[in-house]
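A.B. asks: Before anything else, here's the structure in question.
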2 protein chains.
Amino acid sequence: MQAGSSSSPKVTTLADVARLAGVSIATASKALNGRSQVREETRQRVFSAADQLQFSPNVLARHLLSGRSGTIGLVTHDLEGRFSIPTLMGAEDAMGTGRMSVLLCDARGDALRERHHVQALLGRRVDGLMIVGARPDPRSSLGRDLPVPVVYAYAPSEDPEDASVVTDNVAAGRIGAEHMVACGRERIAVITGDPTYGAAQDRVTGAQAALRDAGLDILGGSALFGAWSEEWGRSATAMVLGQHRDVDAIICGSDQIARGALDTLRERGLDVPGDVAVLGHDNWEVLATNARPTLTSIDMNLETLGRRAARRLFDAIEGHPTAGVEAVQSRLVPRGSTAPKA
Amino acid sequence: MQAGSSSSPKVTTLADVARLAGVSIATASKALNGRSQVREETRQRVFSAADQLQFSPNVLARHLLSGRSGTIGLVTHDLEGRFSIPTLMGAEDAMGTGRMSVLLCDARGDALRERHHVQALLGRRVDGLMIVGARPDPRSSLGRDLPVPVVYAYAPSEDPEDASVVTDNVAAGRIGAEHMVACGRERIAVITGDPTYGAAQDRVTGAQAALRDAGLDILGGSALFGAWSEEWGRSATAMVLGQHRDVDAIICGSDQIARGALDTLRERGLDVPGDVAVLGHDNWEVLATNARPTLTSIDMNLETLGRRAARRLFDAIEGHPTAGVEAVQSRLVPRGSTAPKA
DNA sequence: GCAGATTACGAAACGGTTTTCGGAAAACCT
DNA sequence: AGGTTTTCCGAAAACCGTTTCGTAATCTGC
């Protein structure tokens with residue numbers, strides 16, 4: 001039987017430790033916290049008593065004095081999705097080292113649920129809030145009159161005075177296009193997803209800028225927008241091949257689209273990267289490493305984003321708030337689908 | 001600028017509400033909690049004051065009397081992985097309705113880190129613990145002498161007296177094989193992943209049992225073990241076709257393997273599901289729905305698993321602990337890759 | 001005007017830690 | 001030995017905001 005609520009061993013408190021060590025509570029506290037007014041021998045006795053009882057101090061009681069709870073509230077909008085998880089991991093990582101804990105809530109993209117969760121978290125006296133969006137488009141602010149600092153991650157707040165950490169999608173698009181240019185490609189098509197996503201637009205903008213810097217333009221003059229699916233990648237690639245037989249590179253707005261592109265190219269008997277180089281976005285490992293050939297992709301460094309957001313939140317809690325949007329740079333992860341042109 | 005810790009509006013307390021409503025703290029408390037000893041007119045005044053101040057009661061202080069914190073600790077071992085997230089979602093879902101909150105920690109498969117997190121969570125006086133594993137194989141118990149109930153999800157505890165909730169992989173394997181049999185398939189190959197995974201073995205066991213019930217056996221006499229990758233799916237399928245040209249169904253241990261199988265079959269000019277039916281496991285949407293044809297798969301109902309685990313944890317917290325392993329059934333999600341044989 | 005019901009209030013309790021401050025014991029000096 | 005300093009330890013207050021208990025005040029009906 002699981003340790004039930006009745007027969008369960010009690011939680012050990014500082015009083016238990018003090019009793020076992022034969023000292024007062026005050027002395028035990030001072031010994032464990034490295035205060036100086038304790039004899040070394042006594043300190044050792046307290047420490048061994050604490051070890052023996054597996055004592056872990058009651059954080060709530062400790063923070064009673066300081067007025068802080070030592071927890072932050074994390075509201076995510078996309079727990080099942082792919083993008084919030086690495087962000088969450090980075091944040092969790094940044095907590096782990098200190099003695100902050102994370103209260104997790106999933107608002108599922110619903111503003112009402114979000115408000116409800118924020119209220120509940122404030123009721124638990126969190127020291128700060130981190131709001132992780134589902135997609136990179138700006139979102140409405142929670143307002144400036146909250147009693148604790150807030151940091152928005154992935155999806156920035158519309159209010160520029162709020163603190164936001166996002167990915168730099170324009171730069172990401174630029175990185176991809178520059179890589180293609182560096183590989184000696186000159187007839188570069190761009191296939192991307194849902195045009196209502198700011199990220200889709202931004203990546204195209206960045207790619208286009210880089211191509212123009214190299215004296216080129218997107219093949220056909222503009223990017224092909226569609227959906228974030230392999231099917232769209234397949235059909236869009238077929239379209240590109242129909243209009244431009246001599247395409248030598250395809251930049252895709254996501255790894256899914258890139259997988260579709262690779263399939264169509266292989267079925268048409270074209271060699272990747274020999275004839276056509278293919279680049280994805282998001283660096284979704286399971287898609288990129290299983291592709292034939294393995295897929296070069298742009299990684300958004302979401303863990304870094306999460307860590308940065310957490311750090312900014314800590315700073316704000318410590319009394320050093322910062323305003324504005326901070327962008328985290330992406331990085332190229334080269335694999336088999338891109339190579340210098342023979 | 002983000003509301004800093006100094007200039008921020010104070011958190012409103014019950015005392016603020018009482019002052020604004022012109023009543024005592026005691027009366028305000030009773031009014032908000034629906035106690036009877038309050039005049040209706042007074043109650044309304046308190047409510048409107050609470051609304052006006054956006055009052056949310058301090059949960060920690062409230063639980064001071066009851067001795068409970070209203071939080072549970074959730075330790076996951078696989079935050080970046082695919083399996084713990086739906087479990088976590090189910091658990092979070094079950095919390096949401098009540099007024100429990102979740103403290104999240106990621107132990108990353110490290111036992112030491114796990115102990116550390118458990119200690120930290122106990123220090124926060126969580127009412128219970130939920131341990132979510134990374135893979136379905138049994139794991140060592142945290143022990144029976146913890147001061148709060150524990151439920152193990154996805155990965156069961158080795159101690160049968162602990163409370164565990166897992167997927168029934170034998171039954172899952174059976175469901176898949178029965179589906180193939182129901183489709184009139186008789187020459188059924190099984191390709192699966194890493195043989196050190198209990199789940200891989202169990203699914204094969206279940207499939208084999210179902211086939212024997214139908215008077216059949218796995219094509220070639222035994223399943224092919226390898227890796228959880230598309231590449232293995234491709235090469236293993238090639239192997240199967242080399243030895244058994246007349247195979248009419250392939251059961252794959254994961255959707256990744258199934259994707260590989262589909263690729264090889266298409267390249268050999270075989271029709272799916274006309275010539276060969278293909279079945280995956282895990283129902284990984286992004287893989288299953290983007291496949292050609294879309295992939296029939298077995299869903300482990302992980303959200304249900306998470307909800308069940310949460311429910312059992314609540315029950316234990318309420319004083320009704322249950323021991324032993326509970327299995328959650330999987331379900332078939334039919335898509336385009338399986339169909340009755342013509 | 002009085003019993004009984006209703007409504008409101010002051011104060012205690014809840015929890016475990018940190019911290020302050022006073023005092024005891026030991027060490028040191030003359 | 002006596003005085004002074006240093007070292008070490010313990011009793012008790014403080015911290016938070018809520019709930020609840022006992023009691024007082026007000027109202028209702030006869």
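The values are calculated or read from the model by the stated rules, or taken from the named source; none is laboratory data. Please read all numbers here as calculations on a predicted model, not as lab measurements. Note that each Cβ is placed from the backbone with ideal geometry, even for glycine, and that neighbours are counted across all protein chains shown. For the accessible areas, the whole protein counts, side chains as well, though only heavy atoms, and no ligand, DNA or RNA atoms are used. Shrake-Rupley method; radii C 1.70, N 1.55, O 1.52, S 1.80 Å.
A.B. asks: Considering every residue in B:140-149, what mean count of other chain Cβ atoms within 10 Å of its Cβ is obtained?
C.D. replies: Taking the mean over all residues of the peptide, I get 4.
A.B. asks: Sticking with this one: Tell me which residues come under 5 Å, amide H to amide H, from A:Val278 once H is placed; ignore anything under 5 positions away on its chain.
C.D. replies: Those qualifying (amide H under 5 Å, at least 5 residues apart or on another chain) are A:Ile250, A:Thr338.
A.B. asks: Something else about it: Just to check I understand the Karplus step: with θ = phi - 60° and J = 6.51 cos²θ - 1.76 cosθ + 1.60, what whole-Hz values come out for the range A:131-139, glycine and proline as x?
C.D. replies: For the range A:131-139, the Karplus curve yields 10, 9, x, 9, 9, x, 6, x, 10 Hz.
A.B. asks: If you average the sequence gap of Cα pairs under 8 Å that are 6 or more apart and divide by the length of the range A:14-57, what percent do you get for the contact order?
C.D. replies: 41
A.B. asks: Can you compute the FRET efficiency between A:Leu65 and A:Ala182 using 1/(1 + (r/R0)^6), with r the Cβ-Cβ distance and R0 = 60 Å? Round to the nearest 0.05.
C.D. replies: After rounding, the FRET efficiency stands at 0.55.
A.B. asks: Give, in nm to one decimal, the length gained when the segment between A:Ala111 and A:Ser48 is fully stretched (0.36 nm per residue of separation minus the Cα-Cα distance).
C.D. replies: Length difference between fully extended and current span is 17.6 nm.
A.B. asks: Considering only the protein assembly as shown, what is the antiparallel percent among its DSSP beta bridges, to the nearest 5?
C.D. replies: 10
A.B. asks: Treating only the Cβ atoms of Lys and Arg (+1) and Asp and Glu (-1) as charged, compute the dipole magnitude of the range A:1-76 about its Cα centre; round to the nearest 20 debye.
C.D. replies: The calculation lands at about 200 debye.
A.B. asks: Another question, if that's okay. Return the average number of partner chain Cβ atoms within 10 angstrom of each residue Cβ along peptide A:282-295.
C.D. replies: If you average over the peptide's residues, the count of other-chain Cβ atoms is 3.
A.B. asks: Additional query: Per DSSP helix of 4 or more residues, -39500 (n - 2.57); summed, then divided by the residues of chain A. What does that give at 222 nm, rounded to the nearest 500?
C.D. replies: So the calculated ellipticity at 222 nm is -12500 deg cm²/dmol.
A.B. asks: Relative contact order for the range B:169-299: what is it in percent, counting Cα pairs under 8 Å that are at least 6 residues apart?
C.D. replies: 25
A.B. asks: For the charge dipole of chain B, defined by +1 on Lys and Arg C-beta atoms and -1 on Asp and Glu C-beta atoms about the Cα centroid, which residue among B:Ala227, B:Ile250, B:Val150 has the Cα displaced farthest towards the positive pole?
C.D. replies: Sorting the options by dipole projection puts first B:Val150.
A.B. asks: Can you tell me which of B:Pro160, B:Pro57, B:Pro86 moves the most in a GNM of chain B? Springs connect C-alpha atoms under 10 Å apart.
C.D. replies: So, out of B:Pro160, B:Pro57, B:Pro86, the one fluctuating most is B:Pro57.
A.B. asks: Skipping prolines and chain starts, which residues have an amide H placed within reach, meaning under 5 Å, of the one on B:Val325, given they are 5 or more residues away or on another chain?
C.D. replies: Here B:Ser164 satisfy the definition.
A.B. asks: How far is it, in nm, from the label point at A:Gln329 to the one at B:Arg99 when both lie 7 Å from their Cα along the line to the Cβ?
C.D. replies: 4.9
A.B. asks: Quick one: label points 7 angstrom along Cα→Cβ at A:Ser8, distances to the other copies in nm, smallest first?
C.D. replies: 3.0
A.B. asks: How far is A:Glu40 from the same spot in each other copy, in nm, shortest first, if each label point sits 7 Å from Cα toward Cβ?
C.D. replies: Output for A:Glu40: 7.5 nm, nearest copy listed first.
A.B. asks: I would also like to ask the following. For B:Leu53, place a label point 7 Å from Cα along the Cα-to-Cβ direction in every copy; what are the distances to the other copies, in nm, shortest first?
C.D. replies: 3.8
A.B. asks: Would you mind telling me the antiparallel percentage of the DSSP bridges in chain A, rounded to 5?
C.D. replies: So the antiparallel bridges amount to about 10 percent of the total.
A.B. asks: If you take every residue apart from B:Val46 with its C-beta less than 14 Å away from the C-beta of B:Val46, what net charge results, scoring Lys and Arg +1 and Asp and Glu -1?
C.D. replies: +2
A.B. asks: What does the charge add up to near B:Asp106, with Lys and Arg as +1, Asp and Glu as -1, over the other residues with Cβ less than 11 Å from its Cβ?
C.D. replies: -4
A.B. asks: Select from the range A:38-70 those trypsin sites (Lys or Arg not before Pro) which occupy a DSSP coil region and have at most 13 other Cβ atoms within 10 Å, ordered by residue number.
C.D. replies: A:Arg39
A.B. asks: Given H placed on each backbone N at 1.01 Å, which residues far from A:Arg139 in sequence or on other chains put an amide H within less than 5 Å of it?
C.D. replies: Those lying under 5 Å, H to H, from A:Arg139 are A:Ser157, A:Glu158.
A.B. asks: Among chain A residues, which Cβ is nearest the axis of the A-onto-B rotation, and at how many Å?
C.D. replies: Nearest residue, distance rounded to whole Å: A:Leu104, 2.
A.B. asks: Something else now. Using Cα pairs closer than 8 Å and at least 6 residues apart in sequence, work out the relative contact order for chain B, in percent.
C.D. replies: 17
A.B. asks: Assuming R0 = 30 Å, can you tell me the calculated FRET efficiency for the pair A:Lys341 and A:Thr196, based on Cβ-Cβ distance, to the nearest 0.05?
C.D. replies: Taking R0 as 30 Å, the efficiency between A:Lys341 and A:Thr196 is 0.30.
A.B. asks: Based on Cβ point charges of +1 for Lys and Arg and -1 for Asp and Glu, what charge dipole magnitude is obtained for the protein assembly as shown about its Cα centre, in debye rounded to the nearest 20?
C.D. replies: 2120
A.B. asks: Once both labels are modelled 7 Å past Cα along the beta-carbon direction, what's the A:Ala238-A:Arg19 spacing in nm?
C.D. replies: 7.8
A.B. asks: Ranked from the most accessible area to the least, with a 1.4 Å probe and all protein chains present, what is the order of A:Met239, B:Met89?
C.D. replies: Sorted by accessible area, descending: A:Met239, B:Met89.
A.B. asks: If we count every other residue with Cβ under 10 angstrom of A:Asp246's Cβ, Lys/Arg +1 and Asp/Glu -1, where does the sum land?
C.D. replies: Spelling it out: positives minus negatives among the neighbours equals -1.
A.B. asks: Right, here's the next one. Sort B:326-337, A:266-277 by packing, meaning the average of other beta carbons within 10 Å per residue, with the highest value first.
C.D. replies: B:326-337, A:266-277
A.B. asks: With every protein chain left in place and a probe of 1.4 Å, what is the accessible surface of B:Cys105, to the nearest 10 Å²?
C.D. replies: 10
A.B. asks: Give me a single rounded figure for B:123-129: the average over its residues of other chain Cβ atoms within 10 Å of their Cβ.
C.D. replies: Mean inter-chain Cβ contacts per residue within 10 Å come to 4.
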